[in-house]
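This report refers to the structure that appears directly beneath it.
Computed from the coordinates by the stated procedures, all read-outs in this text should not be read as laboratory data. Given the structure is predicted, the values throughout are model-derived calculations rather than measurements. Cβ coordinates were reconstructed from backbone atoms using ideal geometry, including for glycine residues, and neighbour counts include every protein chain displayed.
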Amino acid sequence: MSIFCGCCPLLECVYCIGCVRWGYKRCLHTAGHDSEDWGLATTDEFEPVPRFCRYILAVYEDDIRNPLWEPPEGYGINPDLLLLKKTYEDTKGRAPAYILYLDHDHKDVVVAIRGLNLAKESDYAMLLDNKLGERKFDGGYVHNGLLKSAGYVLDEECKVLKELVVKYPSYTLTFAGHSLGSGVATMLALLVVRHPDRLGNIDRKRVRCFAIAPARCMSLNLAVRYADVINSVVLQDDFLPRTATPLEDIFKSLFCLPCLLCIRCMMDTCVPEQKMLKDPRRLYAPGRMYHIVERKPCRLGRHPPVVKTAVPVDGRFEHIVLSCNATSDHAIIWIEREAQRALNLMLEKEKKMEIPEKQRMERQESLAREHNLEYRAALRRAVTLDVPHADSMSSEYGTFDKAQEDETEEEETEEEEEEEEETESIAPMVGESSSSSFRPLYRKRRNRGVSWDELIERLFERDESGNLTFEKSDLRY
């Protein structure tokens, strides 16, 4: 009895220390920390986001010709090209309401899906229809309820989508959704990419997905592998992409929320992130991430929004941010508004710079190459961190077999040849001596396969006593 009485205070002290440490870490952690090392998004890649937000908002309208909640910019939808609209009565609760829109202005076939309807039990049932590790898909794990809902939508609209894709071969096929709808849209993209024969063998490059305020619906290896198709947009402190606890557990524990918070607190404090990454069943926000940052720590008010983007592996919105805006940043209205503000600032900056059309096109090509390299780096990072099933990723950017390595080496060789040609074109302006010393050192930096020992041997030479000294050929006076 005395041992039991002595252990209880000790356990209470350990628990209190853990809670204090967790609260201290959460108070210091701000949304800006999640994306502080990410690069800035460009105008071309972020331009569709506000438009798809407005398409999703249009799903909430009963009559698109007489809108009640139209944003200042309008929905941008031609009612004559709105091919269909399905309500909850049409889907019988198997999927959220959605529309199919043929966008001739942007050469796009769009399926827009609304978010969670708090008044519909079917939406809650869809979220609860999942258990950890229940549904496998393409070498990973996905949310069972969302996948079933996406399968229903694809079965219903397969014929129409196939006709449109075949009729307009230059058009893209885009799935866009918010909150719960973002999970359904993501699963739709996975199904179409995985089974292209259902839509006339559509090319992977023609399929896109924009998940606005995304739910965590797929395992980490799938989230990285499909980053060339799926784009997730997160506004500042949005809670949903950061909610690591399965959604079904949150709703089931509604009447025992303190117990859930207690368990979550101890897990965040005691379980290292590296161990969480090795759980193959753990779900994450999908694809390439776009983070809209508009508030800074210890500063009041909203600042000009900045959009950061990356394909992260570790640090993929793993921590809840203690903020009074965690729920408001999840609203599609706020996301559309801030995304449009960010886009307007990008366009204004480009207008001031007066970028010629030729340079703009070159920038688009280089952006595609940068994204390609970023996907490969993310996949290699996943392998380095021992993410389950990362070594078996088979996609346009993710194979690590001998053929892929040879192809990568060939591409790097071509890049080096192009860089050498650029260097030679600069030589007449800077002089032969500077160019001859610059080229080998530049190519050495570009060679990713050089080990540290080889680099030391190239830059230094040993004297008679065995000490390292700079090579005389590299010293310029």
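If each Cα of segment 130-231 is one equal point scatterer, what is log10 of I(q)/I(0) from the Debye formula at q = 0.17, 0.21 Å⁻¹?
With no solvent term, the Cα-only Debye profile gives -0.72, -1.09.
What shape does segment 99-140 take by its C-alpha gyration tensor, where a ≥ b ≥ c are the square roots of the eigenvalues and a/c under 1.5 counts as rounded, a/b above b/c as prolate, and the rest as oblate?
Working: a/c = 5.39, a/b = 1.52, b/c = 3.54.
Oblate.
Between LYS136 and LEU83, what length in nm is gained on full extension when 0.36 nm per residue of separation is reduced by their alpha carbon distance?
Stretched out fully, the LYS136 to LEU83 stretch lengthens by 15.7 nm.
Determine, at each q value in 0.17, 0.22, 0.27 (inverse angstroms), the log₁₀ of I(q)/I(0) that the Debye formula gives when each Cα of segment 28-97 is one equal point scatterer.
-0.79, -0.98, -1.24
Along Cα→Cβ, 7 Å out, is where each label goes; now give me the distance between the ones at VAL166 and LEU347 in nm to one decimal.
3.8 nm
Kindly identify segment 203-243 as rounded, prolate or oblate by the Cα gyration tensor criterion: order the square roots of the eigenvalues as a ≥ b ≥ c, call it rounded if a/c is under 1.5, otherwise compare a/b with b/c, prolate if a/b is larger, else oblate.
It comes out oblate by the Cα gyration axes.
Just the number: Rg to Rh for segment 21-163, Cα atoms, Kirkwood Rh, two decimals. The partial results should precede the final answer.
Numbers: Rg = 18.8 Å, Rh = 18.2 Å.
That ratio equals 1.03.
How many angstrom separate the Cα center of segment 141-158 from the Cα center of segment 45-85?
Cα centroid of segment 141-158 versus Cα centroid of segment 45-85: 23 Å apart.
If you take the square roots of the eigenvalues of the alpha-carbon gyration tensor of segment 83-169 and sort them as a ≥ b ≥ c, do you get rounded (a/c under 1.5), prolate (a/b over b/c) or oblate?
Values: a/c = 2.50, a/b = 1.48, b/c = 1.69.
Note, shape of segment 83-169 comes out oblate.
List the trypsin sites (Lys or Arg not before Pro) in segment 125-203 that DSSP assigns to loop (not H, G, I, E or B) and whose Cβ has at most 13 other Cβ atoms within 10 Å. Which are they?
Numbers: sites: LYS131, ARG135, LYS136, LYS148, LYS159, LYS162, LYS167, ARG194, ARG198; in loops: LYS131.
Filter output for segment 125-203: LYS131.
Too long at a 24 Å Cα-Cα cut-off: which of LYS85/LYS167; LYS120/LYS205; LYS92/LYS148; LYS86/LYS162; LYS85/LYS136? Let's see the in-between values first.
Values: LYS85/LYS167 21 Å; LYS120/LYS205 35 Å; LYS92/LYS148 14 Å; LYS86/LYS162 18 Å; LYS85/LYS136 31 Å.
Among LYS85/LYS167; LYS120/LYS205; LYS92/LYS148; LYS86/LYS162; LYS85/LYS136, the Cα-Cα distance tops 24 Å for LYS120/LYS205; LYS85/LYS136.
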